[in-house]
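The values are calculated or read from the model by the stated rules, or taken from the named source; none is laboratory data. What you see is a predicted model, and the numbers here were worked out from it, not measured in a lab. Ideal geometry is used to build each Cβ from the backbone, glycine not excepted, and the neighbour counts take in all protein chains shown.
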Amino acid sequence: MNTIKGLLLKNLYVFKNFKGNIIFSICMFIFLITLGSMQSDIFTVGSILFLIFFGMNSISSFSYDENADSDKYLLSLPITRKEVVLSKYLFVFLNSFISILVGILVSFIITVLVRGKVNNIGDSLRICFLAFTSVSFLMCANVPCIYKWGVEKGRMQSVIIPALFIFLLGIFGSLLFILFPQLYLNIDLLYVFKISPYICFALNILFYGISYLISLKIFLKKSI
Amino acid sequence: MEYNLEVLNLTKNYQDFHLENINIKLPKGQIIGLIGENGSGKTTTIKAILNLITYDKGSIKIFGKDNYNLTKEEREKIGIVLDDSFFSPILDANDINKLMKNFYHNWNEKLYFDTLKKFKIPYNKPLKEFSSGMKMKIKVLCAIAHEPKLLILDEPTNGLDPIFRYEIIELFNNFVSNKENSILMTTHITSDLEHLVNEVIFIDEGKIILDIPKVKIDNEYGIIEVLANNFSQIKKDDYIKCLKYKNEYYFLVNSKDEFQKKYPKLEIRKPTLEEMMLILVKGE
C-alpha cells in the first residue's frame with residue numbers, strides 16, 4: 001500500500017510544475033461562473049468546465065515520466081509493473097473525480113450565493129455524472145494507447161481509437177434503429193435519464209476495468 | 001564462496017545486437033567493474049539483471065535466487081544507479097525523500113539528509129536546475145540510503161568532478177568493507193576503477209573479452225611501447241594484442257616476467273585499464 005501511496009505522490013508532484021497556472025485558472029473559473037450566474041443558472045456548465053479543464057491533466061504525468069525515463073528507474077526499485085499501472089489508473093480516476101467534485105462544490109456555492117438556489121439539482125447532478133463518464137471513457141481509451149506507443153507517438157491513436165469506437169457505436173445504433181424501429185419507440189428516455197447514475201457507475205467500472213487490464217497486459221510485456 | 005550476484009551464460013538477441021554468454025560471479029565483499037565502450041552491452045546486461053528486459057538464454061541469481069523470483073524484501077536489498085533514468089526533473093531532494101520512504105522499509109532519512117548536506121545538495125531546488133554531477137550525487141545517495149547489500153551501478157561516475165569521484169570511490173570502498181556487501185559497476189571512465197575494483201570484466205560487442213582479477217593485472221600484465229621500426233622484433237606469440245598509435249606500437253602482455261626474460265632490453269610498465277581496454281578492443 002505504501003508503494004501505491006508513493007507512486008500516487010510521484011504523479012501528484014507533476015502539478016507542482018504548473019501550480020501557478022492551476023491557481024490562476026481556478027480564480028478565472030470562479031470569476032466566470034460568478035459572472036455567468038448573474039445571467040442564468042450555470043451550475044452544470046461550471047461543474048463540467050472544471051472537469052474538462054482539470055480532470056484530464058493527469059495525462060501530463062505520463063509525459064513527465066516518459067521524458068525522465070522514470071519507469072525504468074521505478075521498476076528497478078522494489079516496485080512491480082502492476083503497481084505502476086494501478087497507481088496511474090488511480091491517479092487518473094482520482095484526478096477526474098476530485099475535479100468534478102470541486103467543480104460541483106464551487107459552482108453550487110457560487111450559484112447559491114448569487115441566485116439563492118440551484119434549479120433542478122438532481123437533473124444537474126445527473127448531467128455532471130454523464131459528463132464524468134464521458135471523460136472516463138476518453139481517459140480509459142487514452143491510457144492503453146500511451147502504454148503501447150508512448151505519449152508522443154500515441155497522441156494520434158489516442159484521438160483515433162475513441163473516435164472510431166464512437167463512430168462504430170453510432171453505426172451500430174443506427175442499424176438497430178433501421179432494423180428494429182419499435183425498440184426505440186419503447187424506450188422511456190426519461191426513465192433512462194433517471195437511472196443514468198447507476199448506468200454511469202457501471203460504465204465507469206467497465207471502462208476502468210477493461211482499460212486497466214489492457215494497459216497491464218501491454219506493460220507486462222514491454223521491454224523497458 | 002558466497003555470491004550476491006551470479007550471471008550465467010546470459011544471452012540476449014536484438015535485431016542488430018547480440019549479447020552472448022555473459023558470465024559474472026560477484027562474491028560478497030567484492031567490487032566488479034564491467035568495462036566497455038558505449039554500445040558494448042554493459043547497460044543491456046544491467047537491464048537483464050534488473051529484470052527490465054527478458055533474455056533468451058542463461059540465468060541470473062541475486063542472493064542465490066532467480067532474479068524474477070525475488071520478493072519485495074529481497075529487492076529492497078539492492079541499490080541502483082541508472083545513468084539515463086531517474087525521477088521527473090520537477091522533483092526536489094525533499095520530494096524524493098518522501099517518495100523513497102514509501103518504497104523502502106529501511107529508508108534511512110537521517111543518512112539521506114546528512115549525506116545531502118555532506119554532498120552540498122540543495123533540498124528545495126528542482127532536479128532540472130541541478131548540474132549533471134549533482135544529479136549523479138543524488139542518484140548515488142538514493143542507491144545507498146536504504147542500506148542495501150548489493151549495489152548495481154550503471155556509469156555512476158558520469159559527469160562528476162574529480163573531487164567527488166574521489167569521495168564516491170571512498171564511499172564505495174566503505175560500502176564493501178563489511179565483507180557482506182558487493183558492487184557491480186559499469187563505466188567507460190576506467191580510471192575510477194583503478195583503485196576500487198577486485199575484478200575487471202572487459203566487454204566488447206556483446207561478448208566478454210577478458211575477465212580478470214585486478215591484482216593479476218597489477219602483477220602479471222604489462223605494456224611495452226616500441227617504435228614502429230622495432231616492431232618486427234617482438235614475436236606474435238609473446239603478446240596478446242598490439243595497437244599502433246602514431247609512430248609507436250603498444251604491446252599488451254599477460255606475463256611480464258617471462259616477456260622481460262625474452263626481451264631484456266625492452267622496458268615494461270604497468271598498464272592502465274584504459275590502455276588495456278583500448279588495446280583489447282582496437283588492437284590486433
Problem - Residues of the stretch B:64-103 satisfying the condition of being part of a loop (DSSP other than H, G, I, E, B), within 7 Å of chain A (Cβ to nearest Cβ) and either more than 19 Å from A:ARG81 (Cα to Cα) or not small (Gly, Ala, Ser) (or both) - result: B:GLU76, B:LEU82, B:ASP84, B:PHE86, B:PHE87, B:PRO89, B:ILE90, B:LEU91
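Looking at the stretch B:257-280, can you tell me whether even one residue there is of a type in the set (Lys, Arg), assigned by TED's automatic domain parsing to the domain that holds B:THR45, at pLDDT 90 or above and over 26 Å from B:PHE175 (Cα atoms)? Steps first, please.
Residues of the stretch B:257-280 of a type in the set (Lys, Arg): B:261-262, B:265, B:269-270.
If we keep only those that are assigned by TED's automatic domain parsing to the domain that holds B:THR45 too, we end up with none.
For the stretch B:257-280, residues of a type in the set (Lys, Arg), assigned by TED's automatic domain parsing to the domain that holds B:THR45, at pLDDT 90 or above and over 26 Å from B:PHE175 (Cα atoms): absent.
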Fill in the blank from the handout: By my count, helices (runs of 4 or more DSSP H) wholly in the stretch B:171-284 with at least 1 residues that are under 27 Å from B:ILE22 (Cβ atoms) are B:214-220, B:273-282
Handout entry: Complete set of residues in the stretch B:36-52 that are touching a residue at least 24 places away in the same chain (Cβ under 8 Å) and closer than 15 Å to B:GLU20 by Cβ
Key = B:GLY36, B:SER40, B:GLY41, B:LYS42, B:THR44, B:THR45, B:ALA48
Exercise for the section: With respect to B:MET136, determine if the residue is within 13 Å of another protein chain (Cβ to nearest Cβ), surrounded by 18 or more Cβ atoms within 10 Å (Cβ to Cβ), hydrophobic (A, V, I, L, M, F, W, C) and touching a Leu at 6+ places or on another chain (Cβ under 9 Å). Expected result: no
Handout entry: Residue within the stretch B:129-140 that is farther than 29 Å from A:SER60 by Cα, modelled with pLDDT of 90 or more and either under 17 Å from the mean Cα position of the chain (by Cα) or not small (Gly, Ala, Ser) (or both) present
Key = no
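Here's the yes/no breakdown for (1) at pLDDT 90 or above; (2) within 13 Å of chain B (Cβ to nearest Cβ); (3) closer than 28 Å to B:GLU74 by Cβ:
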position: A:LEU9; (1), (2), (3): yes, yes, yes
position: A:PHE15; (1), (2), (3): no, yes, no
position: A:ASN21; (1), (2), (3): no, no, no
position: A:GLY46; (1), (2), (3): no, no, no
position: A:LEU49; (1), (2), (3): no, no, no
position: A:ILE59; (1), (2), (3): no, no, no
position: A:ARG81; (1), (2), (3): yes, yes, yes
position: A:SER87; (1), (2), (3): yes, yes, yes
Practice task
Could you please let me know if A:TYR73 is of a type outside the set (S, T, N, Q), in contact with a strand residue (DSSP E or B) (Cβ under 8 Å, 6 or more places away or on another chain), under 30 Å from B:LEU91 (Cα atoms) and assigned to a helix (DSSP H, G or I)?
Solution key: yes
Completion exercise
Residue count, the stretch A:171-224, condition outside any helix (DSSP H, G or I) and either within 14 Å of another protein chain (Cβ to nearest Cβ) or within 30 Å of A:PHE62 (Cβ to Cβ) (or both), comes to 3
Problem - Matching residues, the stretch A:31-52, being more than 17 Å from A:ILE127 (Cα to Cα) and either of a type in the set (Phe, Trp, Tyr) or crowded, with 16+ Cβ neighbours inside 10 Å (or both) - result: A:PHE31, A:ILE33, A:THR34, A:GLY36, A:SER37
Practice task
Return a yes/no flag: does the stretch B:74-84 have any residue that is at positive phi, crowded, with 18+ Cβ neighbours inside 10 Å and in contact with a strand residue (DSSP E or B) (Cβ under 8 Å, 6 or more places away or on another chain).
Solution key: no
